[in-house]
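The values are calculated or read from the model by the stated rules, or taken from the named source; none is laboratory data. Given the structure is predicted, the values throughout are model-derived calculations rather than measurements. Cβ placement follows ideal geometry from the backbone for every residue including glycine, while neighbour counts extend to all protein chains displayed. Note: areas computed on protein heavy atoms with side chains; ligands, DNA, RNA excluded. Shrake-Rupley method; radii C 1.70, N 1.55, O 1.52, S 1.80 Å.
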Amino acid sequence: MKAPISFEKEAQMPLIPLSVGDIRWNRTGSWRYMRPRYEDKTPPCNAACPVGVDIVGMMNLVARGELERASRLLRQENPLAGVCGRACFHPCESRCNRREFDEAVAINLVERFVADYGMGGPAVKPKRKTGKKVAVVGSGPAGLSCAYFLAVMGHEVVIYEALPVPGGILRVGIPSYRLPKDVVEREIKAIEGVGVKIETNCRVGEDITLEDLRERYDALFLSPGVHKAKDLGLAGEDSEGVLSALEFLKRVNMGEEVSLGERVLVIGGGNAAIDAARSALRLGAKEVRMVCLESRDEMPAFREEVEEAEEEGILIENGWGPRRFLTRRGRVSGVEFVRCLSVFDAEGRFSPSFDERKKHRVETEGVIVAIGEEADPSLKEVMRGISWQGDAISVSPTGATSLEGVFAGGDIASPLHNIAQAIGSGKRGAVAIDCYLRGEEAREVLKRIRVGGDGAVSMIKYLHPEERERSPYVVTFSDLNPQYFEYAERVRKIKLLPFERKEGFEEVVFGIAEEMAMREAGRCFSCGVCNECGNCYLFCPDISVLRDKGRIARKIDYDYCKGCGICFVECPRYALTLEVEER
């Protein structure tokens, strides 16, 4: 692939600096040695999305009001778009080039709108049945994603879930004020609609063995998640009134009664800690306090979630580490903390240091410990023959384990524990398993369908390789011509008021209306992707940019083009490439 010409390198092109209207670029009768061509490049939001969603493609469709097409495009890459529209940490927005112009596009809100708009619509039509059978262990985001795409490919897929309900962490680990249960249920129903079968209350190692599954199926995908809470290892941690965040949230989401008293203390600074604290408040606690090692800037919880928690009245104390639990007649009555001086060492590794002389006691009636999760140690015995690396299943870049025909993904095979990464790993697993069943080398296929350089893959590229190619080059703000963009305010989230939130588990953030979604999608720069703005056609002095039925055909008539480069310069979004023509 030819690299785009850099006009900063005079050695490559002596006729610089380029200036529209420069006589040297418009000499009548000169024949070109520069050749422009349309080339879709990779927008930074697409490159940053762990799921591999074609964000710019979706935005362009929404901006034009083609909502059905936008919904189909989204579901071709993400079967859990409604979940991601609510619970994803949206790294796409942190890479949005518009941040350097005014504000990032509210991709998350538009994705939620598109997902909800298409909810209940026709599922993606599966391909013809292959006769191959695949078992998936675990119905969390990785397992659901893998099963969905395998079914779309025509394989027979059965998911085995240990819990009484499908969804894994989506169903039992995230409060409904952030992710309503009906959203999860609707998306699981759509996944079942392509032919996926789900067996609940079936625990591998108890109700069925790994050996049984390997005998009955042509391939396996293991995604049991990490559902064992980490312990602090302090005396008194097993006292009455002490729960892990995972157990607490699971019981709340399953509708069980949980009471930790009127004063609740949460230890931890991550999203699970925030979820537990806000849930405790909704269950009737009068005072909820969070204490964590990290400073405010170091807290791993989403900043927006932290702000919402404080708006609701939750107290957050940063820079303290627990030392011992205080008990009274077998029940927790408080926790003693010491000042944390630093959380990470010079290399960025977790290695907290403390000043033991500075102590702080917090009296409480109930404690929720939220310091992370890990794999259940019993899984190593259940999954005999599989290699592990610490607490994670050891996998190859394709997701293959040490057992023939057995693949793994999600939290059990990655240190990156979030929904988007899990969905992405499920997609990669589905592609790798399909390649395995067809006797094709998965590693090269996965390289071919990668989006940008961050590891996400495009299912559209895999299932429809005839689709137009896209350069892996990730467009930066400096590549754009921002003179054609106007400042426009980002759409704001509409939320319940703090006092309304605490009354129950109603969803806090409202969705946006169609008009708002179209306006916000119109803010997208469409980095590196032609959206037919028409600049190339209007500025071409040779009328060599072709149109078809009133639309830009993305073709150039080289019999008339003299290679002046005006189209390249005036393209606002760097969707054209200018290169030296081979003679």
Mind checking whether some residue in region 254-268 is in a helix (DSSP H, G or I) and touching a helix residue (DSSP H, G or I) at 6+ places or on another chain (Cβ under 8 Å)?
no
Among residues belonging to region 494-510 that are open to solvent by 50 Å² or more (accessible area, probe 1.4 Å) and not hydrophobic (A, V, I, L, M, F, W, C), point out the one that is farthest from residue 107 (Cα to Cα).
503
Any idea which of 98, 72 is at pLDDT below 95 and either at positive phi or part of a helix (DSSP H, G or I) (or both)?
72
Free of Cβ contacts under 8 Å to residues at least 60 places away in the same chain and open to solvent by 10 Å² or more (accessible area, probe 1.4 Å): is that true of residue 68 in this structure?
yes
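Considering only region 442-464, how many residues are in a loop (DSSP other than H, G, I, E, B), touching a residue at least 12 places away in the same chain (Cβ under 8 Å) and not aliphatic (A, V, I, L, M)?
5
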Please find, among 369, 382, the residue that is within 26 Å of residue 242 (Cα to Cα) and open to solvent by less than 40 Å² (accessible area, probe 1.4 Å).
369
Could you check how many residues of region 409-435 are open to solvent by less than 30 Å² (accessible area, probe 1.4 Å) and among the hydroxyl-bearing types (Ser, Thr, Tyr)?
1
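Identify, please: which residue in region 521-576 is of a type in the set (D, E, K, R) and in contact (Cβ under 8 Å) with a residue 24 or more places away in the chain and is, among those, surrounded by the most Cβ atoms within 10 Å (Cβ to Cβ)?
Once the filter is applied, the top-ranked residue is 573.
Hydrophobic (A, V, I, L, M, F, W, C), closer than 28 Å to residue 302 by Cβ and either part of a loop (DSSP other than H, G, I, E, B) or modelled with pLDDT of 95 or more (or both): does that describe residue 159?
no
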Are any of the residues in region 133-148 among the basic types (Lys, Arg), more than 22 Å from residue 373 (Cα to Cα) and open to solvent by 10 Å² or more (accessible area, probe 1.4 Å)?
yes
Residue under evaluation residue 313, criteria (1) more than 28 Å from the chain's Cα centre (by Cα); (2) free of Cβ contacts under 8 Å to residues at least 40 places away in the same chain, criterion not met
(2)
Looking only at residues in region 272-302 that are among the charged types (D, E, K, R) and open to solvent by less than 10 Å² (accessible area, probe 1.4 Å), which one is farthest from residue 365 (Cα to Cα)?
275
Give region 414-441 a look and list any residue that's free of Cβ contacts under 8 Å to residues at least 40 places away in the same chain and either assigned to a helix (DSSP H, G or I) or in contact with a Gly (Cβ under 8 Å, 6 or more places away or on another chain) (or both), or say none.
428, 432, 435, 438
Every listed condition ((1) at pLDDT 95 or above; (2) surrounded by fewer than 12 Cβ atoms within 10 Å (Cβ to Cβ); (3) of a type outside the set (Lys, Arg); (4) within 30 Å of residue 310 (Cα to Cα)) holds for residue 491 save (2)
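For every residue, the table says whether it meets (1) under 19 Å from the mean Cα position of the chain (by Cα); (2) more than 26 Å from residue 254 (Cα to Cα).
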site	(1), (2)
110	yes, yes
128	no, yes
147	yes, no
161	no, no
164	no, no
174	yes, no
180	yes, no
193	no, no
205	no, no
Determine which single condition residue 475 fails, assuming it passes every other condition in (1) under 25 Å from residue 280 (Cβ atoms); (2) surrounded by 14 or more Cβ atoms within 10 Å (Cβ to Cβ); (3) not aromatic (Phe, Trp, Tyr).
(1)
Residue under question is residue 461, and the condition is that it be within 21 Å of the chain's Cα centre (by Cα) and open to solvent by 40 Å² or more (accessible area, probe 1.4 Å); does it hold?
yes
Residue check for residue 371: part of a loop (DSSP other than H, G, I, E, B), closer than 19 Å to residue 276 by Cα and not polar (S, T, N, Q)
yes
When the residues of region 253-271 are narrowed to those that are within 33 Å of the chain's Cα centre (by Cα), at pLDDT below 95 and of a type in the set (A, V, I, L, M), which ends up nearest to residue 363 (Cα to Cα)?
258
List the number of the failed condition for residue 291; all other conditions in (1) of a type in the set (A, V, I, L, M); (2) closer than 19 Å to residue 244 by Cβ; (3) over 27 Å from the mean Cα position of the chain (by Cα); (4) part of a loop (DSSP other than H, G, I, E, B) hold.
(4)
Just the residues that are open to solvent by 60 Å² or more (accessible area, probe 1.4 Å), within 21 Å of residue 416 (Cα to Cα) and assigned to a loop (DSSP other than H, G, I, E, B), please, taken from region 303-356.
347, 349
Tally time: how many residues in region 478-511 are part of a helix (DSSP H, G or I) and either in contact with a Gly (Cβ under 8 Å, 6 or more places away or on another chain) or in contact (Cβ under 8 Å) with a residue 40 or more places away in the chain (or both)?
6
Go through (1) within 22 Å of residue 116 (Cβ to Cβ); (2) touching a helix residue (DSSP H, G or I) at 6+ places or on another chain (Cβ under 6 Å) for residue 495 and report which single condition fails.
(2)
Residue under question is residue 50, and the condition is that it be touching a strand residue (DSSP E or B) at 6+ places or on another chain (Cβ under 7 Å), open to solvent by less than 30 Å² (accessible area, probe 1.4 Å) and either within 30 Å of residue 272 (Cβ to Cβ) or modelled with pLDDT under 95 (or both); does it hold?
no
Would you check if there is a residue in region 436-450 being in contact with a strand residue (DSSP E or B) (Cβ under 9 Å, 6 or more places away or on another chain), open to solvent by less than 40 Å² (accessible area, probe 1.4 Å) and closer than 15 Å to residue 79 by Cβ?
no
Mind listing whichever residues of region 563-582 are more than 16 Å from residue 537 (Cβ to Cβ), charged (D, E, K, R) and assigned to a loop (DSSP other than H, G, I, E, B)?
581, 582
Criterion violated by residue 513 - all others in (1) more than 14 Å from residue 114 (Cα to Cα); (2) loosely packed, with under 15 Cβ neighbours inside 10 Å satisfied:
(1)
